[in-house]
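Presented below is the structure to which this report refers.
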Amino acid sequence: MSTPIVLPDYSMPPETVPQFHPAHLDPMEKVALRNEIKALLAARDAVLIAHYYVDADVQDLAEETGGFVADSLEMARFGQRHPAATLVVAGVRFMGETAKILSPEKRVVMATVEAECSLDLGCPPDEFEAFCRQHPDRKVVVYANTSARVKALSDWVVTSSVALPIVERLHAAGEKILWAPDRHLGHYIQTRTGADMLLWSGACVVHEEFKAKALFDLKALYPDAGVLVHPESPAAVIEIADAVGSTSQIIRAAGELPHKLFIVATDRGIFHKLRQRNPDKRFIEAPTAGEGATCRSCAHCPWMAMNELQQLARSLRDETGMAANEIHVDPEIGRRAMVPLQRMLDFRA
Ligand code: 13P
Ligand code: SF4
């Protein structure tokens, strides 16, 4: 028997998180860019699929042009079903790769291929493969926020929308689980299901920054506020929540819960949709400052922020721009990653 691998901490140290400051556009520049992108999408038989965390103008543009704004699960479904020849994914690279794996015949372009995710970066495929080999008795369940190679090593891919019922099902069938890469989401699922889960040690640079003590103090100032939390947040923050869920589940909870004011612990990009759908309610950010704070991303993912209108126009304007921002997945890796991804899309709770 080989020596068990002791996992290092795979979360990104705060000082290594890139800083990104979107360029300021005046209203006229915005209108011109939006019109140009609309024309380019039509000319290229392309559809724009955006995540709730990207720039509000990009989200609106997706909806105005027959595209879609969604969580990572619904983005994958929409891309797979849509007949357009080109999928333009406004999000981070794993979302573009997922779209390509599910639709290898389509061209997948992003505003920039430099849009990473700390969870994806914190799960190097070679090290993950060695870890899996050490635990052949466990079902490998990986979060969608991973590379195509890591997905190809898994039995199941999950997003935060469906992780809980999928692990519940595996646990009920007597399976033990190897989970990667988000330790907070993994811990949350483990606590809720009681499953035997071995956790990789990655973290999201945005959600890990939410501070339970400061949130508790804010809640004391607004005792009638509801608290909405994404499960990539630390356990102590999740404990204070009135609703815990994926981005789409957070948006649904804001509409269904009776509160008129909410404190929201997830990327602030979501406020655009929360306010559009609930004009009679107020939303404030959960604190990232306070005791032990090292906040670098301050509730906004630096990679999601790279999805700017100028960047999007550049990636669609000509063949050079499209080729530079196109997503490629090795066909063999793609075929293997498709199996656990499709298993997730076919799953019915
Ligand atoms: P959702 O699947 O909830 O949209 O989350 C994706 C993500 O990257 C959260 O940080
Ligand atoms: Fe990854 Fe966190 Fe950004 Fe989501 S918010 S894409 S988990 S770094």
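Restricted to the range 9-66, and to residues there that are hydroxyl-bearing (Ser, Thr, Tyr) and surrounded by 15 or more Cβ atoms within 10 Å (Cβ to Cβ), the residue that is nearest to ligand 2 (Cβ to nearest atom) is 53.
Here residue 152 passes the criteria (1) within 14 Å of ligand 1 (Cβ to nearest atom); (2) touching a Lys or Arg at 6+ places or on another chain (Cβ under 7 Å); (3) small (Gly, Ala, Ser) except the one numbered (1). Restrict the check to the range 81-91 and report whether at least one residue is surrounded by fewer than 14 Cβ atoms within 10 Å (Cβ to Cβ) and either in contact with a strand residue (DSSP E or B) (Cβ under 8 Å, 6 or more places away or on another chain) or on the phi > 0 side of the Ramachandran plot (or both). The answer is yes; a qualifying residue exists. Before we move on, is residue 131 within 16 Å of ligand 1 (Cβ to nearest atom), surrounded by fewer than 21 Cβ atoms within 10 Å (Cβ to Cβ), more than 13 Å from the chain's Cα centre (by Cα) and part of a helix (DSSP H, G or I)? It is false that residue 131 is within 16 Å of ligand 1 (Cβ to nearest atom), surrounded by fewer than 21 Cβ atoms within 10 Å (Cβ to Cβ), more than 13 Å from the chain's Cα centre (by Cα) and part of a helix (DSSP H, G or I).
What are the residues in the range 115-128 that are in a loop (DSSP other than H, G, I, E, B) and either in contact with a Pro (Cβ under 8 Å, 6 or more places away or on another chain) or more than 16 Å from ligand 1 (Cβ to nearest atom) (or both), if any?
Residues of the range 115-128 that are in a loop (DSSP other than H, G, I, E, B), as a first pass: 115-117, 122-124.
Those that are in a loop (DSSP other than H, G, I, E, B) and either in contact with a Pro (Cβ under 8 Å, 6 or more places away or on another chain) or more than 16 Å from ligand 1 (Cβ to nearest atom) (or both): 122, 123, 124.
Residue 289 falls short on exactly one of the conditions (1) in contact with a helix residue (DSSP H, G or I) (Cβ under 8 Å, 6 or more places away or on another chain); (2) surrounded by fewer than 19 Cβ atoms within 10 Å (Cβ to Cβ); (3) assigned to a helix (DSSP H, G or I), and that condition is (3).
Scanning the range 260-286 for residues that are open to solvent by 30 Å² or more (accessible area, probe 1.4 Å) and either touching a strand residue (DSSP E or B) at 6+ places or on another chain (Cβ under 8 Å) or at pLDDT below 95 (or both) yields a total of 6.
For (1) open to solvent by 20 Å² or more (accessible area, probe 1.4 Å); (2) under 15 Å from the mean Cα position of the chain (by Cα), each residue gets a yes or a no:
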| residue | (1), (2) |
| --- | --- |
| 150 | no, no |
| 168 | yes, no |
| 171 | yes, no |
| 176 | yes, no |
| 182 | no, yes |
| 198 | yes, no |
| 203 | no, yes |
| 206 | no, yes |
| 211 | yes, no |
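The values are calculated or read from the model by the stated rules, or taken from the named source; none is laboratory data. Here the structure is a predicted model, which means the values were calculated and not measured. Here Cβ is always computed from backbone atoms with ideal geometry, including for glycine, and neighbour counts include all displayed protein chains. These accessible areas exclude ligands, DNA and RNA; they are computed on the full protein's heavy atoms, side chains included. Shrake-Rupley method; radii C 1.70, N 1.55, O 1.52, S 1.80 Å.
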